[in-house]
Structure formats: C-alpha cells, structure tokens
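The values are calculated or read from the model by the stated rules, or taken from the named source; none is laboratory data. Source: prediction; values computed, not measured. Cβ placement follows ideal geometry from the backbone for every residue including glycine, while neighbour counts extend to all protein chains displayed.
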Amino acid sequence: MAKPANYTSEEGSFPTLVLEVLPALAGLRLDQALARLLPRESRSRLARLVDEGAVLVDGERARPRDRLHGGERIDVTLLPRPEEAAFRPEEIALDVVHEDGDVLVVAKPAGLVVHPGSGNWAGTMLNALLHRVPALKTLPRAGIVHRLDKETSGLLVVAKNEAAMQDLVRQLQARTVKRTYLAIVRGAVPDAGTVEAPIGRHPTQRTRMAVVPGGKPAITHYRVRERFGAHALVECDLETGRTHQIRVHLASIGHPLEGDPVYGARGARRLPRQALHAWKLAFVHPGTGKKVHFTAPPPADFEALVAELRSGT
C-alpha cells in the first residue's frame, strides 16, 4: 500500500517518516490511510500528529477527513508522545524556601501540578526541579517524596540524593513528618476534633475519593483558629497522607472546604479552588539528624478571602 518508509532527521529535530501512497489507498480519508500505513501507532496519536501539523500531504497541512487520490507523498514528523516529555527539564520558576546538599523545600503555588500524569505531561513541578537540579534525573520521581493537589498551595520537601530520599520516605511511613495545613471551611465546625475514617476510591465516581469501608486508614486532627459567621479558618494536622485526605474528611463531617469543586457544598464559591494551604512542615533533616521546621504564608487569594470573611463581606 505504501513504499518502504524512509526516516530522515537533522540534529536537534524529530525524525520524519516519508511515505508514498499507492493506488490501493486511493479514496480513503487521510486518517483511515494513516491507520493502515502505521498500524503500530494508536489512532489518537495519529490524530494528534495531524492536528499539530506534523503530517504533510505533498508538503501541505491536511485534515483527517481529506481524501487521498494515490501517488501523494506523506511526511509524518514523529513528535514525541506526551508521556515521553514528562521527565524533561523546563524553566519554571520555583519559590525555594530552603536548599542544601540533601533537601529542597519549595512553596508550591496553586495551579501547579506536582508530578506528570494523564492530561498533565509537562509544565509540572517535576519538570521545574529537573531544570534547577539536573542530578535529580537519577532519582525516582526526581526526589519527590510526597505531593499536594494541583490547586492546593504550600510546602513540599524534595530529596536531592538517594540516601536523603530513603530517609524521608522512612519518616513519612513512620508518620514522623509533621504537616500542618490551613483551610477555610463552611459551617459551624466544632472547636477541635479528630476525623479517623478510612479513605478509598469512590465506589461509583472513580475520579473522587471517599470515606469507604475497607479504605486505607486516615487520621486528620483539626482545630478552629478563627470564625467568620458561616465560615471558619481551621488548622489541620495530618497523621496520614491519603489522596484528598483533608478535603474528604472535612466534607464527611459536613464542613467542606470553601471553593472545593469536587467535595464542596452546593452554591456559589468564594474561591475558584479549594481553600487549602500547606502551612508548616517539620521533619528530621536526613543529613544532620536535627529536626527542622519551615513555614510558608498563605498565598494572596487565600489571604484575600480571609480578609473578606473577617470584614463580613
């Protein structure tokens, strides 16, 4: 159906696959022909290559529905799959709170994904870390030992060598890393309390977490720092670090985080994201053996909401 492929490339560029369409493919749409010519490639990847202008028919960009007549030359530039770019350095600004030869403590802004994954293969904190500290490419997950949700701001510690990473992972497993969060919640939450409830995947909504029988043990301690009528500023301490733990636990007792689009209460939101900030972080330094403490003030949008609630607006 096509002449044997030729691969051409220039230094610093992506390889290009050159095909000549034989008469057997005449009348087919471009996307149908590509699926036959390149059966090892997924249809979704071929569609992405066409959409991004990486497929040329006789030197011109084409649409998936364009019909072939036979005899055309198709150039397919093999752009990397999104996941292939996941561990590439990117020049992304980081708010570094502390750095030494063993650890890096960063204040993550809301909106920054920590680790590449489906739908977020680039532009993550991992990409930024690899740019700042290229040696992190030798460590699993570039030294990231714990995470924050995309829209949660605050402190993260990153290991800079294998020994430090093993030590920090051990501390996390032993629950000796102390993580304190600030959250703005809805409702008349009790002055203080503990939520001890197992967390797992929601039984029907697989992108959500929930308190479920048989879930992983999870413990959150909380206390009210300030009240604002229908809201409260709450301090939360984690004993465990389950996915969405604070958001799920506080919602489970009827006090969801303000602005939370997944676990929040219905009605207008005062913030376009969950009002959650990783405020304090404490752990035993893997190099010195001494306990270290770090604090990051809440970001401007969080502070602005506190000010509005405090003023009664």
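If you go through the range 262-313 and keep only what is among the polar types (S, T, N, Q) and over 24 Å from the mean Cα position of the chain (by Cα), you end up with 288, 311, 313. No other residue among 61, 36, 65 is of a type in the set (D, E, K, R), touching a Gly at 6+ places or on another chain (Cβ under 6 Å) and more than 30 Å from residue 160 (Cβ to Cβ) apart from 61. When 249, 221, 231, 255 are checked against the criterion of being in the same structural domain as residue 298 (by TED's automatic domain parsing), more than 17 Å from the chain's Cα centre (by Cα) and either of a type in the set (A, V, I, L, M) or surrounded by fewer than 20 Cβ atoms within 10 Å (Cβ to Cβ) (or both), 221 stands alone in meeting it. None of 113, 96 is in a strand (DSSP E or B) and not assigned by TED's automatic domain parsing to the domain that holds residue 256 except 96. Among residues that are under 19 Å from the mean Cα position of the chain (by Cα), in contact (Cβ under 8 Å) with a residue 12 or more places away in the chain and buried (at least 19 other Cβ atoms within 10 Å of the Cβ), residue 183 is not included.
Scanning the range 66-110 for residues that are small (Gly, Ala, Ser) and surrounded by 13 or more Cβ atoms within 10 Å (Cβ to Cβ) returns 70, 85, 86, 107, 110. If you go through the range 244-295 and pick out every residue that is in a loop (DSSP other than H, G, I, E, B), free of Cβ contacts under 8 Å to residues at least 24 places away in the same chain and hydrophobic (A, V, I, L, M, F, W, C), you end up with 1.
Kindly establish whether residue 191 is surrounded by fewer than 16 Cβ atoms within 10 Å (Cβ to Cβ) and either at pLDDT 95 or above or assigned by TED's automatic domain parsing to the domain that holds residue 100 (or both). The answer is yes for residue 191.
Among the conditions (1) assigned to a strand (DSSP E or B); (2) in contact (Cβ under 8 Å) with a residue 60 or more places away in the chain, residue 189 misses just one, which is (1). If the condition is being assigned to a loop (DSSP other than H, G, I, E, B) and surrounded by fewer than 17 Cβ atoms within 10 Å (Cβ to Cβ), then the range 48-65 contributes 52, 53, 58, 59, 63, 64, 65. Among all positions in the range 3-24, there is at least one residue which is of a type outside the set (Lys, Arg), assigned to a loop (DSSP other than H, G, I, E, B) and either in contact with a Gly (Cβ under 7 Å, 6 or more places away or on another chain) or modelled with pLDDT of 95 or more (or both).
Just the residues that are loosely packed, with under 15 Cβ neighbours inside 10 Å and either part of a strand (DSSP E or B) or out of contact with any Leu (no Cβ under 8 Å at 6 or more places or on another chain) (or both), please, taken from the range 30-44. Residues satisfying the conditions are 39, 40, 42, 43, 44. Comparison of 155, 126 shows that the only residue that is free of Cβ contacts under 8 Å to residues at least 60 places away in the same chain and either outside any helix (DSSP H, G or I) or surrounded by 19 or more Cβ atoms within 10 Å (Cβ to Cβ) (or both) is 126. How about the range 257-274: which of its residues are touching a helix residue (DSSP H, G or I) at 6+ places or on another chain (Cβ under 6 Å) and among the aliphatic types (A, V, I, L, M)? Across the range 257-274, the qualifying residues are 257, 271. Flag set for residue 268, criterion: out of contact with any Phe, Trp or Tyr (no Cβ under 9 Å at 6 or more places or on another chain), over 30 Å from residue 160 (Cβ atoms) and modelled with pLDDT under 95. Against the definition (within 24 Å of residue 143 (Cβ to Cβ), touching a residue at least 24 places away in the same chain (Cβ under 8 Å), in contact with a strand residue (DSSP E or B) (Cβ under 8 Å, 6 or more places away or on another chain) and among the basic types (Lys, Arg)), how does residue 225 come out, yes or no? No; evaluated as a whole, the condition is false for this residue.
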